[in-house]
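Contents: one structure, followed by commentary.
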Amino acid sequence: MTIDMTIDRAGILAAISEMLRAVSESLPPGEEITAGTKLIDDLELQSIGIATLTGRVQSRYGTKASLIPFFAARDAGPFHNLRVGELVEYLAGILNGGETAAGAVADGGERRRAGRPGRVAAAGAGYRARNDNEGVLSELAPGVTRKLIHVTPGQVEVFTAGDGPTLVLMHPINVGAGVFWRQFASLAGKYRVICMHNPGIGATTWDDDVSLPGLARLYRTVLAELSAAPPFHVLGSSFGGVVAQQFALLYPEECATLTLSSCSYQVGARRRGVRRLSAVVDQEFGRQHAVRRQDGARSSTNAAGPAGDMSDVLLRCESMDTRIGVRYLGLFEQRPTLLDKLPQIRTPTLVLHGDKDTLVPAKRAHVLYGAIPRARLAEIADAGHFPCLTHPDEFHELLVPFLEAGDGPGRGGRKRRETRVTSTAVAPGISLTGDLVPPVPPDPCTVIIGSGRCGSTMLSRLIAAEPQTLSVSESLGHRMRAFLNRDPDVELTGAEYWAILSRPGREPGTEGRLMHRLGWSPAQFSYPGTGRYAGDRGAIPPILVITLPQLTDDPDRLFDQLGEMVPKFPPQTALGHHQMLLDLLANITGKRRWVERTGASSEVAEPLLRSFRGMKVVYLTRNIADTALSMSKHPAFQMTAVRDDFRTRYGVDPFAPRKYGNGKTLPDEADMPAELRRLLPHRVTLEALREVGSDLPRFESMVAHMNGCAEQALEDVKPRYLYRVRYEDILGNPEDQLTRLGEFLEFTEPAQWAERVAGQVRSARVHSGQLNPGFTPI
């Protein structure tokens, strides 16, 4: 058969050849790939390579060019004989909008060396999974029994050992039961330890349903075949942890405990693509060795003894049948997530995470810890993605007491006793299901940019009425904005970032102290009179003044919970931390998205937009005259004008914390003019501030300057998703304007939301919009 190359098949063949050359490890230099080259027999392409190839094809040709149907439709025999020409025909059909010719077989063009005709056998063994789980267990955990269980339409390989309450081990995506040899060896005296091989691993040929529910149901079927009676202790590692979560959701009454080791709540969330296990091992073990050399500390990583080199043991456990492996590609492409279902898991849960894990970031462990109501969290120092293998002492020190606590009356006859893995468990009624590295929450999030006094408070209140959206107010408070104006790109630890939000200022000029001394209580001040700081408003942490009280009836408890988690954020910029915090807060009540609104955010629009690239942006404006008039009557903006005066004249802000200064100092009071002397932090009064507010032109200049900052930032950064809206337009036609806004924010029912809240839009006094005489826009 001759292939028609008229529809740029030559170009497709060249592109596919380049991709295959990058993912194949068995292709000698100088050897060309032709239409007759066999993907499996010649290039020795395995499931990881196929996954990588699939991603590269879609990156080049778009999502429509999915290779999943091409591979998944093959039976075992034809699968191993697949040729590059068939792949070219398949893609040509898709790209030209016609019928695919996936069944076409290319001929005449075997793999050739340059200038040498005919077929050349594959050189070298290439990279092959060693699939030696049975050998690892027989050598390192004697007493483990292997069984093959018939489950139509195939068989399932299972390893078991010991007697007692059932401990079910769920393995990573392409690493089999051997990764748990230490648990088989150590725990079989107390538990009946069972590890089933998933489809494609070892001798398991059943592949009827490789979805998360399908795999969870397969585990339950196999447990029944083994006559294992519930309740079960379920432990999942990596991908197995996601399956374990699904199992706990499907069979809540049959789970005594749930242990989640080095796992996420989502399948296929890795943005950088699939990595071979050998590459993971090199990076993980290399990092752990570096830590050991630096600290001089003893570690069980790669410990000498009967196990030998743990990296070699791990590579021996790698296993995945290539034909069945491609069935998982559909699962990874869908990227199923259990995030919104995690609060339904009522099983006592232990979340374990190695602090040197290169595959699953710590943020995802924190999400599991916060989202699952009865969860506990523990980090294992210097451990990577496989602590069950590399750090058994630390792993079992945390695991065994947790399992024993789940073996109380009715659960194996042991007396139940409480264990504490972390210092603080999630408080009842509060669950934090956000992501330290997005994509959490699942829907796009939004930041509202505005000058302040432009209707953003009203808008924030209306958005809060949408049930799937968290409306966050004033999280970018004065102290945060001051830091961003000074050092937007400085890297902070989580503890340093949390200090900005949580430590009240001690100086008399800080906002909290001034509010307390002046008796000023802004309308948005939300901290409850029954809270722990109610007796001294000057001692209220900045994030507790407005932000947290508008999210929960018990802001002190939420503040304490964040105080446990936020300092553990990885080092990054302040706005990197802030996005992480908003992701956490967005999921306090299972929200799908967050919308952040802070007055005067226009002054930090440039770093905000630069850091929050990919976010939706709402730019809210109001005519300058009305905005300026409202600012002139508000103590916060009156104070802004005062601070500007001091900075202009002396280069220093006496109302900012000293550590935010620039080394300059104020002159003696006696050398200051009287109009500034009466505005010093220890002298200023509300009456003095009201006098500052009588100078309306300066506030008109302030508004124009803020608007200019926002417009310049929007021009420089050019956000991908931008929605401009005027306050006056919302007042004039609230239902229509809010519907459009809801559509931009991707509300589920934008029109219904707009109809519900439109009546709350109060007609404000709209002035002529004419500026005061003598005002010059800047």
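The values are calculated or read from the model by the stated rules, or taken from the named source; none is laboratory data. Quantities reported herein were computed from a predicted structural model and do not represent experimental measurements. Cβ: placed from backbone, ideal geometry, glycine included. Neighbour counts: every protein chain shown. Note: accessible area is taken over every heavy atom of the protein model, side chains too, but ligands, DNA and RNA are not part of it. Shrake-Rupley method; radii C 1.70, N 1.55, O 1.52, S 1.80 Å.
Some points to look at:
- Boolean, residue 728 is open to solvent by 50 Å² or more (accessible area, probe 1.4 Å) and among the acidic types (Asp, Glu): no
- Scanning the range 165-178 for residues that are open to solvent by 10 Å² or more (accessible area, probe 1.4 Å) and modelled with pLDDT under 95 turns up 173, 174.
- With respect to the conditions (1) out of contact with any helix residue (DSSP H, G or I) (no Cβ under 6 Å at 6 or more places or on another chain); (2) closer than 18 Å to residue 703 by Cα; (3) of a type in the set (A, V, I, L, M); (4) not in a helix (DSSP H, G or I), residue 652 falls short on a single one, namely (2).
- Given (1) assigned to a loop (DSSP other than H, G, I, E, B); (2) at pLDDT 65 or above; (3) within 17 Å of residue 322 (Cβ to Cβ), number of the condition residue 26 does not satisfy: (2)
- Residue list for the range 250-286, restricted to those being at pLDDT 85 or above, open to solvent by 40 Å² or more (accessible area, probe 1.4 Å) and under 18 Å from residue 368 (Cα atoms): 250, 252
- Residue 461 part of a helix (DSSP H, G or I), in contact with an Asp or Glu (Cβ under 7 Å, 6 or more places away or on another chain) and either open to solvent by 20 Å² or more (accessible area, probe 1.4 Å) or at pLDDT below 90 (or both): no
- Checking residue 624 against (1) over 30 Å from residue 363 (Cβ atoms); (2) surrounded by fewer than 19 Cβ atoms within 10 Å (Cβ to Cβ), the condition it does not meet: (2)
Yes/no per residue for (1) crowded, with 17+ Cβ neighbours inside 10 Å; (2) among the small types (Gly, Ala, Ser); (3) modelled with pLDDT of 85 or more:
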position: 642; (1), (2), (3): yes, no, yes
position: 661; (1), (2), (3): no, yes, no
position: 667; (1), (2), (3): no, no, yes
position: 679; (1), (2), (3): yes, no, yes
position: 701; (1), (2), (3): yes, yes, yes
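- Among the conditions (1) more than 20 Å from residue 218 (Cα to Cα); (2) open to solvent by less than 10 Å² (accessible area, probe 1.4 Å); (3) hydrophobic (A, V, I, L, M, F, W, C), residue 181 misses just one, which is (2).
- Sole residue being open to solvent by 10 Å² or more (accessible area, probe 1.4 Å) and modelled with pLDDT of 95 or more, chosen from 226, 235: 226
- Residue that is least open to solvent (accessible area, probe 1.4 Å) [pool: residues in the range 191-211 that are under 20 Å from residue 131 (Cα atoms) and hydroxyl-bearing (Ser, Thr, Tyr)]: 204
- Segments classed as helices (runs of 4 or more DSSP H), wholly inside the range 357-407, with at least 1 members that are modelled with pLDDT of 90 or more and hydroxyl-bearing (Ser, Thr, Tyr): 387-390
- Check on residue 484, over 19 Å from residue 542 (Cβ atoms), of a type in the set (A, V, I, L, M) and either crowded, with 18+ Cβ neighbours inside 10 Å or in contact (Cβ under 8 Å) with a residue 24 or more places away in the chain (or both): no
- The set of residues in the range 389-400 that are out of contact with any Cys (no Cβ under 6 Å at 6 or more places or on another chain) and surrounded by 24 or more Cβ atoms within 10 Å (Cβ to Cβ) comprises 389, 390, 391, 399.
- Scanning the range 357-377 for residues that are among the aliphatic types (A, V, I, L, M), open to solvent by 10 Å² or more (accessible area, probe 1.4 Å) and over 14 Å from residue 580 (Cβ atoms) turns up 359, 360.
- Residue 675 being acidic (Asp, Glu) and open to solvent by 100 Å² or more (accessible area, probe 1.4 Å): yes
- Within the range 545-596, considering residues that are open to solvent by 20 Å² or more (accessible area, probe 1.4 Å) and basic (Lys, Arg), the one farthest from residue 368 (Cα to Cα): 557
- Qualifying positions in the range 596-629 - outside any strand (DSSP E or B) and of a type in the set (Asp, Glu): 603, 606, 626
- Single residue of 712, 752, 760 found to be surrounded by fewer than 19 Cβ atoms within 10 Å (Cβ to Cβ), modelled with pLDDT of 95 or more and not charged (D, E, K, R): 752
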